[in-house]
Amino acid sequence: MMRLKGRHWVLLWLLVFLGGALTVVGRQTAAFRTARRLRDFREERSTLEARRAELERRIRIASSREVLVPVARRGLKLHEPVDSEFVLFAVPSTSTATVRP
């Protein structure tokens, strides 16, 4: 069996060190990439949340009485009912209703 000489040990430890250093560099590079993607996703999320808030605001404005009443008057020829046009229907209570078996 051949014994390792001093220069072989140095070469072996150098290779072990280089392997460990490459592993550390690779993991750090992957961590930086992941951090960049996370930052990009957070920016995209905040942009989407701002867009959602804007769309919800536009929906509230479009469904308000100030917008719907003129559209209903012009386009559908509707009008706001007066008191005499309201009809209230009484819902019978369950105790007075007859239950059939």
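Could you grab the pairs with beta carbons closer than 9 Å, sequence gap of 6+ or different chains, first residue in segment 75-86 and of a type in the set (A, V, I, L, M), second one part of a helix (DSSP H, G or I) and surrounded by 10 or more Cβ atoms within 10 Å (Cβ to Cβ)?
LEU78/VAL69; LEU78/ALA72
Given the criterion at pLDDT 95 or above and not basic (Lys, Arg), identify the matching residue among GLU85, GLU66, GLU56, GLU80. Before you say what the answer is, go through the steps one by one.
Numbers: GLU85 fails: at pLDDT 95 or above; GLU66 fails: at pLDDT 95 or above; GLU80 fails: at pLDDT 95 or above.
The conditions single out GLU56.
Tell me whether segment 15-22 contains one or more residues that are over 34 Å from the mean Cα position of the chain (by Cα), in a helix (DSSP H, G or I) and modelled with pLDDT under 95. So that I can check it myself, show each step before the final result.
First pass over segment 15-22, keeping only residues over 34 Å from the mean Cα position of the chain (by Cα): 15-22.
If we keep only those that are in a helix (DSSP H, G or I) as well, we get 15-22.
Narrowing further to those that are modelled with pLDDT under 95: none.
Within segment 15-22, not a single residue is over 34 Å from the mean Cα position of the chain (by Cα), in a helix (DSSP H, G or I) and modelled with pLDDT under 95.
Before we move on, is ARG73 modelled with pLDDT of 95 or more and part of a helix (DSSP H, G or I)?
Working: modelled with pLDDT of 95 or more: no; part of a helix (DSSP H, G or I): yes.
In short, no.
The values are calculated or read from the model by the stated rules, or taken from the named source; none is laboratory data. Quick caveat: nothing in here was measured; it's all calculated off a predicted structure. Every residue, glycine among them, receives a Cβ derived from its backbone with ideal geometry; neighbour counts consider all protein chains shown.
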